[in-house]
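The values are calculated or read from the model by the stated rules, or taken from the named source; none is laboratory data. Keep in mind that this is a model prediction, so the values were computed, not measured. No Cβ is skipped: glycine too gets one built from the backbone with ideal geometry, and neighbour counts run over all protein chains shown. Protein only, heavy atoms only, side chains kept; ligands, DNA and RNA dropped before computing areas. Shrake-Rupley method; radii C 1.70, N 1.55, O 1.52, S 1.80 Å.
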2 protein chains.
Amino acid sequence: MKHISSRDNPAVKALVKLAGTAGKRGAPVLLDGVHLCQAWLQHYGPPDRAIFDVDRLSQPDIAALAAAVPDNVSLALDARLMHAVAAVESGQGVAFLVTPPVPALPAQVDETCVLFDRIQDPGNVGTLLRTSAAAGIKRVFLATGTAAAWSPKVLRSGQGAHFALEIHEHADLEALLPRLRVPLVATALDGSRDLFADRLPEQCAWIFGHEGQGVVPALLAAASLKVRIPHDAAAVESLNVGAAAAICLFEQRRQSSARLRR
Amino acid sequence: MKHISSRDNPAVKALVKLAGTAGKRGAPVLLDGVHLCQAWLQHYGPPDRAIFDVDRLSQPDIAALAAAVPDNVSLALDARLMHAVAAVESGQGVAFLVTPPVPALPAQVDETCVLFDRIQDPGNVGTLLRTSAAAGIKRVFLATGTAAAWSPKVLRSGQGAHFALEIHEHADLEALLPRLRVPLVATALDGSRDLFADRLPEQCAWIFGHEGQGVVPALLAAASLKVRIPHDAAAVESLNVGAAAAICLFEQRRQSSARLRR
């Protein structure tokens with residue numbers, strides 16, 4: 001493995017410059033830390049480039065990663081150079097430069113999926129990815145304007161969910177509607193039904209909206225079911241979008257299991 | 001109202017210095033923005049001190065706040081001084097310096113409450129406060145080691161929940177146990193029952209734990225019921241604590257309403 005100790009090295013310079021491009025369509029991203037790199041290897045194989053803290057190459061988990069990556073894409077960096085590289089905050093001694101997968105748009109969607117309508121906060125997006133994966137969902141669509149799925153904060157709060165999901169970013173949700181073979185279900189405060197009062201569809205496309213504005217009117221109008229979570233409205237106006245989504249997705253799961261048990 | 005345009009003013013200096021003390025027991029905190037200041041006035045009356053952007057005193061919502069605060073605690077600051085004051089990020093032109101309420105520890109707890117066991121992330125703490133208030137809960141206990149409830153990030157994600165709850169910070173959760181007249185219910189992956197399979201207690205003390213370590217063993221051992229949320233464990237190891245809590249609290253609410261409807 002090539003060992004680099006100068007910041008003027010072109011490969012290092014390119015990695016440092018990367019900071020500004022995270023989240024751009026088709027732009028490479030940096031996966032920071034042992035867990036994320038292991039998960040990437042397992043699901044997608046070798047990265048475009050791997051960087052290792054030269055002082056920690058003897059550490060077993062780092063050594064195992066180094067052994068699994070072809071030598072020609074690996075670089076060993078001095079510790080201070082590792083820190084100079086954008087987004088390497090974990091201090092775990094390893095990061096992968098990768099190009100996130102861009103799954104092909106399915107001709108039709110006939111299983112439960114989740115539509116993210118311009119959710120702004122990276123923590124909310126990561127939590128919602130994690131909750132979706134935990135609920136057994138396989139496919140999510142992130143409208144343009146949603147926080148970038150493969151950005152460091154979203155990766156961190158996703159806790160591995162990225163590798164259990166087909167993530168369609170920069171999605172045009174209105175253009176997606178004709179492909180849906182399952183009903184569109186939205187959360188809304190007005191004109192909606194109590195989430196817990198009725199039977200939810202066995203499969204559906206859930207849509208969760210912007211933290212302040214909720215789901216965009218055109219998509220709300222297209223929903224075949226609008227639900228609200230009954231709550232103490234005198235205490236707080238609404239629930240956090242991640243909390244609301246968790247309640248919805250697991251209520252659907254609970255109803256499914258209850259039907260199976262009968 | 002006194003108008004200040006010098007950063008050397010002692011009151012301004014004190015406000016700037018405040019940045020470092022947020023979250024310390026008994027320390028004053030700065031509420032930033034129109035909504036928080038309105039809520040404080042409504043629930044607790046005048047603040048220790050109020051600062052206003054002198055250029056925005058004619059704006060109706062700011063003017064209403066200024067009229068409601070005694071003149072001797074109000075200061076009008078030049079815009080650039082407002083920005084210098086710690087934690088004033090909203091740019092809404094108003095902030096209150098307040099001393100958060102310290103509710104008396106109840107002799108016994110006989111209603112549903114939530115125990116926060118060293119939850120680290122301010123966003124998680126704020127979301128959990130918001131979800132608790134939305135679920136109709138009136139009292140929460142935050143163990144030492146939990147993110148400070150009245151810090152700017154927690155206030156922001158709490159979205160007003162702080163004013164609907166009795167928030168006991170720096171709580172010793174083990175010392176609290178003898179006061180509980182309701183069963184202690186914890187979420188745990190091992191040795192736990194399916195949340196949805198059984199009838200939950202009508203009233204209980206929920207405990208939610210540290211993002212990485214979960215609930216501390218001594219408290220887990222004291223729980224009369226341990227529940228888990230059945231999820232796709234091949235996809236992600238666990239749920240985010242805020243998502244898990246939302247599912248638990250609203251499942252309890254759903255069961256209560258279902259019983260009432262019968």
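A few notes on this one:
- Residue within region A:224-234 that is more than 30 Å from residue A:31 (Cβ to Cβ), among the acidic types (Asp, Glu) and part of a helix (DSSP H, G or I) present: no
- In the set (1) closer than 20 Å to residue B:140 by Cα; (2) small (Gly, Ala, Ser); (3) open to solvent by 40 Å² or more (accessible area, probe 1.4 Å), residue B:233 fails one condition alone, (1).
- Count - residues of region A:153-176 that are more than 14 Å from chain B (Cβ to nearest Cβ), open to solvent by less than 50 Å² (accessible area, probe 1.4 Å) and assigned to a helix (DSSP H, G or I): 2
- Number of residues in region A:177-211 that are assigned to a loop (DSSP other than H, G, I, E, B), within 25 Å of the chain's Cα centre (by Cα) and without any contact (Cβ under 8 Å) to a residue 24 or more places away in the chain equals 0.
- Residue within region B:119-128 that is hydrophobic (A, V, I, L, M, F, W, C) and touching a Gly at 6+ places or on another chain (Cβ under 6 Å) present: yes
- Members of region B:148-173 found to be out of contact with any strand residue (DSSP E or B) (no Cβ under 9 Å at 6 or more places or on another chain) and under 23 Å from residue B:212 (Cα atoms), listed by number: B:153, B:154, B:157, B:158
- Residue A:227 satisfies every condition listed in (1) touching a residue at least 40 places away in the same chain (Cβ under 8 Å); (2) within 14 Å of chain B (Cβ to nearest Cβ); (3) open to solvent by 30 Å² or more (accessible area, probe 1.4 Å) except (3).
- Members of region A:113-138 found to be in a loop (DSSP other than H, G, I, E, B), open to solvent by 20 Å² or more (accessible area, probe 1.4 Å) and within 14 Å of chain B (Cβ to nearest Cβ), listed by number: A:120, A:121, A:136, A:138
- When region B:50-65 is filtered for residues that are of a type in the set (Asp, Glu) and either surrounded by fewer than 13 Cβ atoms within 10 Å (Cβ to Cβ) or not in a helix (DSSP H, G or I) (or both), only B:53 remains.
- Some residue of region A:202-218 being more than 10 Å from every other protein chain (Cβ to nearest Cβ), open to solvent by 40 Å² or more (accessible area, probe 1.4 Å) and within 23 Å of residue B:155 (Cα to Cα): yes
- Residues of region A:238-260 that turn out to be more than 7 Å from chain B (Cβ to nearest Cβ) and of a type outside the set (S, T, N, Q), as a count: 10
- Residue A:47 vs. criteria in contact with a strand residue (DSSP E or B) (Cβ under 8 Å, 6 or more places away or on another chain), under 28 Å from residue A:175 (Cβ atoms) and either at pLDDT 95 or above or not in a helix (DSSP H, G or I) (or both): no
- Selection from region A:66-90 of residues that are under 22 Å from the mean Cα position of the chain (by Cα) and of a type in the set (Gly, Ala, Ser): A:86, A:87, A:90
Results for (1) more than 23 Å from residue B:251 (Cβ to Cβ); (2) charged (D, E, K, R), shown as yes or no for each residue.
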position	(1), (2)
B:59	yes, no
B:62	yes, no
B:67	yes, no
B:78	yes, yes
B:96	yes, no
B:111	no, yes
B:132	no, no
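- Residue B:36 within 25 Å of residue A:237 (Cβ to Cβ), touching a residue at least 60 places away in the same chain (Cβ under 8 Å) and either touching a strand residue (DSSP E or B) at 6+ places or on another chain (Cβ under 7 Å) or surrounded by fewer than 19 Cβ atoms within 10 Å (Cβ to Cβ) (or both): no
- Odd one out for residue B:244, checked against (1) at pLDDT 95 or above; (2) part of a loop (DSSP other than H, G, I, E, B): (2)
- Condition check for residue A:107: more than 30 Å from residue A:212 (Cβ to Cβ), part of a strand (DSSP E or B) and either of a type in the set (D, E, K, R) or in contact (Cβ under 8 Å) with a residue 40 or more places away in the chain (or both): no
- Among residues of region B:66-77 that are assigned by the TED database to the domain that holds residue B:11 and exposed (fewer than 15 other Cβ atoms within 10 Å of the Cβ), those with a beta-carbon under 6 Å from a residue that is among the hydrophobic types (A, V, I, L, M, F, W, C) and modelled with pLDDT under 95 at least six positions away or on a different chain give the pairs B:71/B:1.
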